[in-house]
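Just so you know, all these numbers are worked out from the coordinates, no wet-lab data involved. Not measured: the values here are computed from a predicted model. All Cβ positions, even for glycine, are placed from backbone atoms using ideal geometry, and neighbour counts span all protein chains on display.
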2 protein chains.
Amino acid sequence: MEKEKQTEEIIFDAAVQVFEEKGIDGARMQEIADRAGINKALLHYYFRSKEKLFDAVFDKLAGVMFKKLFSCFDNELPFEEKLKLFYQEHISFLQAHPRLPSFLLTEINKHPQRVAAIFGSERIMELRQNLFEQMDEDIENGALQDIDKMQLMIDIIALSVFPFAARGLIEIIFKQHDIDFNDFVEQRKTALPIFVINAVKEK
Amino acid sequence: MEKEKQTEEIIFDAAVQVFEEKGIDGARMQEIADRAGINKALLHYYFRSKEKLFDAVFDKLAGVMFKKLFSCFDNELPFEEKLKLFYQEHISFLQAHPRLPSFLLTEINKHPQRVAAIFGSERIMELRQNLFEQMDEDIENGALQDIDKMQLMIDIIALSVFPFAARGLIEIIFKQHDIDFNDFVEQRKTALPIFVINAVKEK
DNA sequence: GTCTATAGAAGGATAGAC
DNA sequence: GTCTATCCTTCTATAGAC
């Protein structure tokens, strides 16, 4: 029914908020119900248990995050341009979903098999392979030093994701220096591609 | 008494393990008691409540982490040497305390005031100021580009800490590529200083 | 200081009316 | 499909014996 779909979505969205903020252990079904404007019984009617509701939320968010991560790299631009586009798009994405990194990094241990499934999916495997092949080309044509591709991939992602994963901490430090978090990450959209390119381009 | 001190330490160490692994919400007093080889009542005898026990653990671990972080930079070496020493020492520290980053990043939101106190402490303020002054010198004497010092500080830390914060996720990906996490971070001790220096040194 | 036993509260889940 | 009322388990915390 129309009504059914709507309620389910409202509940799901409320659950996303609460789980992102509190994690599965800290989240309360009562709070999710309150935020959705319904009662606890209805949560169970739609999702059966807290565990299953969490699973649904986790799968959705993990899928969104990882697809975005790799698709930002999915183009035929030369390495330097690819990097510029990546940080632009990826940091914009993180600005729109600032709690996603710490949520996923915290809860991922409870779902190793689910995450493995995502990374083993056709689409993600393909994107990752594309990325690595393009790096190989860039190494061959001399745009890139002959460095460890996995190390570089982690370096690149660390630089965009870490500030969001550590946001709570960073904001405390920034307050003491009168720095605004949003300004800070906004700057990184253009600063990081330069940083990384200097680090790895062939001299 | 001798006995008293000993028991308190045993409980504390057990609490460190369980809180690091499960977080405050996921941790159970029963599990801490079991791991300490005593019963629940004794936990409350020594620490009064779960909350207070957690506070003690959190303060200790946060102190250890942040003091180590800044003290690794506390020397008069030129920038390049400082970086080499930092990554060597800091990654070794993280290898010895692999769960620390994700524990702190997750729980930090529940203790903003406590964390602010640590970062406002004399010792930490002093270490941080030293670090920034040394960066200024390196910029003046031309060893370093004239870049944003806060940005650079976050870049440097992101590169060492992120792999540990994201360890659960990274190990899943590495399994698909037959890469060993420990080998991976070991390599970073020497690779990261080069990476960062290339990124920021004056041409 | 350490234990057993239990109180008391919280939270996930379900029954049953509408 | 949605609500109220309530069950039942789990967990923190304490009382009281040794």
**Message:** Assume the label is 7 Å from Cα along Cα to beta carbon: what separations in nm does B:Gln6 have to the matching positions in the other copies?
**Reply:** 6.8
**Complete:** Given pairs A:Lys60/B:Lys22; B:Lys84/B:Lys149; A:Lys5/A:Lys52; A:Lys84/B:Lys110; A:Lys82/A:Lys203; B:Lys40/B:Lys60 and cut-off 26 Å on Cα-Cα distance, the over-length ones are A:Lys84/B:Lys110
**Complete:** Helix A:79-96: inclination vs chain A longest Cα principal axis, degrees, rounded to 10, gives 20
**Area projected by the alpha carbon convex hull of region A:1-48, averaged over all directions, nm²** = 3.0
**Prompt:** Pairing the Cα long axis of helix B:181-200 with the longest principal axis of chain B, what angle in degrees results, from 0 to 90 and rounded to the nearest 10?
**Reply:** 40
**Request:** For A:Lys50, list the aspartates and glutamates whose Cα falls under 17 Å from its own Cα; do not include residues on the same chain fewer than 8 positions away.
**Result:** A:Glu8, A:Glu9, A:Asp13, A:Glu20, A:Glu21, A:Asp25, A:Glu31, A:Asp34, A:Asp59, A:Glu107, B:Asp25
**Item:** Tilt relative to chain A, helix A:149-165 - C-alpha long axis, 0 to 90 degrees, to 10
**Value:** 50
**Prompt:** What Kirkwood hydrodynamic radius, in Å, does chain A give when the mean of 1/r is taken over all pairs of distinct Cα atoms and then inverted?
**Reply:** 19.0
**Asked** Taking the label point as lying 7 angstrom from Cα along the Cα-to-Cβ axis, what are the distances from A:Arg48 to the corresponding position in the remaining copies, in ascending order and in nanometres?
**Response** 4.5
**Prompt:** Is the shape of region A:12-101 best called rounded, prolate or oblate, per the rule: a/c under 1.5 gives rounded, else a/b larger than b/c gives prolate, else oblate, with a ≥ b ≥ c the square roots of the Cα gyration tensor eigenvalues?
**Reply:** prolate
**Prompt:** On average, how many beta carbons from a partner chain sit within 10 Å of the beta carbon of a residue in A:190-199?
**Reply:** 5
**Prompt:** Other chains' Cβ within 10 Å of B:104-116 residues: what's the mean?
**Reply:** 5
**Prompt:** Under the rule of -39500 (n - 2.57) per DSSP H run of 4 or more residues, summed and divided by the residues of the protein assembly as shown, what mean residue ellipticity at 222 nm is obtained, to the nearest 500 deg cm²/dmol?
**Reply:** -26500 deg cm²/dmol
**Asked** When you look at the Cβ of every residue in B:154-161, what mean number of other chain Cβ atoms sits within 10 Å?
**Response** 6
**Request:** Quick one: compute a quarter of the convex hull surface over the Cα atoms of the protein assembly as shown and quote it in nm².
**Result:** 23.1
